[in-house]
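Student: Before we start, here is the structure in question, set down as structure tokens.
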Amino acid sequence: MPLRLIFMGTPDFAVPTLLELVAHGHEVVAVYTRAPKPAGRGMKLQPTPVEQEARRLGIPVLTPTTLKTPEALEEFRAHNADAAVVVAYGMILPQAILDAPPLGCFNLHASLLPRWRGAAPINRAIMAGDAESGVMVMKMDVGLDTGDVAMAERLPITDTMTAADLHDALAPLGADLMVRAMGGLARGGLQLQKQSEDGVTYAAKIEKTEARIDWQRPAREVLRHIHGLSPFPGAWCEIASDGEPARIKILRCEPASGSGAPGEVLDDRLTIACGDGAIRILELQRAGKAPMKAADFLRGTPLKPPARLG
């Protein structure tokens, strides 16, 4: 039995879930997303990825700035939805909104709750050196990702994975999981389980002040820091260019053999010494330029011993 759903989401991560719900016959009666923002050279208003897909599918789109007014609640109730599906929406849902659909509001979260509740679970899992991540469907309450969990899928995190890689792996996994959860909800067979009180961690929003690379740290921590911030905001360091420090973002790297003073360039292949061990830079980006492979970078900017990254 298909459900009558409200979908609430904003970025690319949410799009596969919207598409899968529609493909499986659920009636998405309205899409809530964030309002368009100026972007690009012309600073034209750019609709969110979810809005673009919703309009392509012919689904009505709403972009309220708040859900806390009586008018917003009345509009939400008027859709007569059985349930709401929330994926990276970016706005707090007040209790009245959570209570409006008779079957509840269900959130897709990109972590293995209760680990990494909050804004940046994908980045934080990589940066912390976690061995696995995953997606969970939970019935929402007013707490920060504290609701009862319905279903989960796990995924290993390897040292080669960037935040973009993990994002792209979890998005379709989560879409499939939410479709299965809504199928269970429609049949009246969705089981909910309270989250554990043990192992709670919070995935705070990424601050730009965290992005500078600390070469004093062990090589694996440096690698995970770089990959956890790739491609955005991008972990960065400085190189000497024409006598002046120039900032570069490092987007991808791998473990390497060698040792030296932290930040020291060990060879002509961008092997960099860390506090313990070394990494080799594979992909990087100059300020204002497109990402490039290390070999292409070295053709224009030869870096070899005794150069040092700051």
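Student: Inside the range 79-137, can you point out the residues that are under 23 Å from LEU223 (Cα atoms), touching a Gly at 6+ places or on another chain (Cβ under 6 Å) and of a type in the set (A, V, I, L, M, F, W, C)?
Tutor: Within the range 79-137, LEU112, ILE126, MET127 meet the criteria.
Student: What are the residues in the range 1-11 that are under 23 Å from ILE92 (Cβ atoms) and either open to solvent by 50 Å² or more (accessible area, probe 1.4 Å) or not in a loop (DSSP other than H, G, I, E, B) (or both), if any? Give the derivation first.
Tutor: From the range 1-11, those under 23 Å from ILE92 (Cβ atoms) are 5-11; that's our starting set.
Scanning the range 1-11 gives LEU5, ILE6, PHE7, MET8, GLY9.
Residue by residue, here is whether (1) in a loop (DSSP other than H, G, I, E, B); (2) within 22 Å of LEU282 (Cβ to Cβ); (3) touching a helix residue (DSSP H, G or I) at 6+ places or on another chain (Cβ under 8 Å); (4) not acidic (Asp, Glu) holds:
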position	(1), (2), (3), (4)
GLU153	no, no, yes, no
ALA164	no, yes, no, yes
ALA169	no, yes, no, yes
ARG180	no, no, no, yes
GLY183	no, no, no, yes
GLY189	yes, no, no, yes
VAL200	yes, no, no, yes
GLN216	yes, yes, no, yes
ILE226	no, yes, no, yes
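Student: Another one. For the range 12-27, does any single residue satisfy the condition of being over 23 Å from GLY147 (Cα atoms), assigned to a loop (DSSP other than H, G, I, E, B) and touching a residue at least 40 places away in the same chain (Cβ under 8 Å)?
Tutor: Scanning the range 12-27, I find at least one residue that is over 23 Å from GLY147 (Cα atoms), assigned to a loop (DSSP other than H, G, I, E, B) and touching a residue at least 40 places away in the same chain (Cβ under 8 Å), so the answer is yes.
Student: Moving on. Just need a number here: residues in the range 246-304 that are hydroxyl-bearing (Ser, Thr, Tyr) and either under 16 Å from ALA235 (Cβ atoms) or open to solvent by less than 50 Å² (accessible area, probe 1.4 Å) (or both).
Tutor: Here is the first cut: in the range 246-304, the ones hydroxyl-bearing (Ser, Thr, Tyr) are 257, 259, 271, 301.
So of that shortlist, the ones also either under 16 Å from ALA235 (Cβ atoms) or open to solvent by less than 50 Å² (accessible area, probe 1.4 Å) (or both) come out as 271, 301.
Qualifying residue count for the region: 2.
Student: Hey, could you check the range 121-135 for residues that are small (Gly, Ala, Ser) and crowded, with 20+ Cβ neighbours inside 10 Å and say which is farthest from GLN195 (Cα to Cα)?
Tutor: Step one: of the range 121-135, the residues small (Gly, Ala, Ser) are 125, 128-129, 131, 133-134.
The next check asks that each one be crowded, with 20+ Cβ neighbours inside 10 Å; those that pass are 125, 133-134.
Details: ALA125: 18, SER133: 16, GLY134: 15 Å.
Filtering first and then ranking leaves ALA125.
Student: Return yes when ASP145 is within 13 Å of LEU112 (Cα to Cα), acidic (Asp, Glu), under 16 Å from the mean Cα position of the chain (by Cα) and modelled with pLDDT of 95 or more and no when it is not.
Tutor: Details: within 13 Å of LEU112 (Cα to Cα): yes; acidic (Asp, Glu): yes; under 16 Å from the mean Cα position of the chain (by Cα): yes; modelled with pLDDT of 95 or more: yes.
Taking the combined requirement at face value, the residue satisfies it.
Student: Could I ask something else about it? Name every residue in the range 93-116 that is in a loop (DSSP other than H, G, I, E, B), open to solvent by 20 Å² or more (accessible area, probe 1.4 Å) and under 14 Å from THR66 (Cα atoms), in order of residue number.
Tutor: Of the residues in the range 93-116, the ones in a loop (DSSP other than H, G, I, E, B) are 93-94, 100-104, 110-116.
Now narrow it down to the ones that are open to solvent by 20 Å² or more (accessible area, probe 1.4 Å): 94, 100, 102-103, 112, 115-116.
Passing the criteria: only PRO94.
Student: In the range 187-204, is there at least one residue being under 17 Å from CYS253 (Cα atoms) and either in contact (Cβ under 8 Å) with a residue 24 or more places away in the chain or loosely packed, with under 14 Cβ neighbours inside 10 Å (or both)? Step through it out loud before you land on a result.
Tutor: Within the range 187-204, the first condition is being under 17 Å from CYS253 (Cα atoms), and the residues that meet it are none.
No - not one qualifying residue is present in the range 187-204.
Student: Another question about this same structure. Could you please tell me which pairs satisfy a Cβ distance under 6 Å, a separation of 6+ or placement on different chains, a first residue in the range 155-181 that is polar (S, T, N, Q), and a second residue that is not in a helix (DSSP H, G or I)?
Tutor: THR162/SER230
Student: Between a residue in the range 48-77 that is over 13 Å from LEU93 (Cβ atoms) and any residue that is part of a loop (DSSP other than H, G, I, E, B) and hydrophobic (A, V, I, L, M, F, W, C), which pairs come within a Cβ distance under 7 Å, given they are 6 or more apart or on different chains?
Tutor: Matching pairs, first to second residue: THR63/ALA35; THR65/ALA35; ARG77/ALA100.
Student: Applying the selection to the range 43-75, what residues are surrounded by 12 or more Cβ atoms within 10 Å (Cβ to Cβ) and in a strand (DSSP E or B)?
Tutor: Of everything in the range 43-75, those that are surrounded by 12 or more Cβ atoms within 10 Å (Cβ to Cβ) and in a strand (DSSP E or B) turn out to be GLN46, VAL61, LEU62.
Student: From GLY40, GLY90, grab the single residue that is open to solvent by 30 Å² or more (accessible area, probe 1.4 Å) and without any contact (Cβ under 8 Å) to a residue 24 or more places away in the chain. Outline the logic, then answer.
Tutor: Details: GLY90 fails: without any contact (Cβ under 8 Å) to a residue 24 or more places away in the chain.
Only one candidate passes the filter, namely GLY40.
Student: Kindly indicate whether ASP141 is among the charged types (D, E, K, R) and surrounded by fewer than 18 Cβ atoms within 10 Å (Cβ to Cβ). Break it down stepwise before answering.
Tutor: Details: among the charged types (D, E, K, R): yes; surrounded by fewer than 18 Cβ atoms within 10 Å (Cβ to Cβ): yes.
Yes.
Student: Here is a further query. Within the range 12-37, count every residue that is open to solvent by 50 Å² or more (accessible area, probe 1.4 Å) and touching a Gly at 6+ places or on another chain (Cβ under 7 Å).
Tutor: The total comes to 1.
Student: Another question, then. Out of all the residues in the range 122-142, is one or more assigned to a loop (DSSP other than H, G, I, E, B) and under 14 Å from the mean Cα position of the chain (by Cα)?
Tutor: No, that holds for no residue.
Student: Of a type in the set (Phe, Trp, Tyr), farther than 30 Å from LEU108 by Cβ and part of a loop (DSSP other than H, G, I, E, B): is that true of TRP236 in this structure? Let's see the steps before the verdict.
Tutor: Details: of a type in the set (Phe, Trp, Tyr): yes; farther than 30 Å from LEU108 by Cβ: yes; part of a loop (DSSP other than H, G, I, E, B): no.
In short, no.
The values are calculated or read from the model by the stated rules, or taken from the named source; none is laboratory data. Everything quoted here is computed from the prediction, not taken from an experiment. Here Cβ is always computed from backbone atoms with ideal geometry, including for glycine, and neighbour counts include all displayed protein chains. Each accessible area value is taken on the protein alone, full model and side chains, heavy atoms only, with ligands, DNA and RNA left out. Shrake-Rupley method; radii C 1.70, N 1.55, O 1.52, S 1.80 Å.
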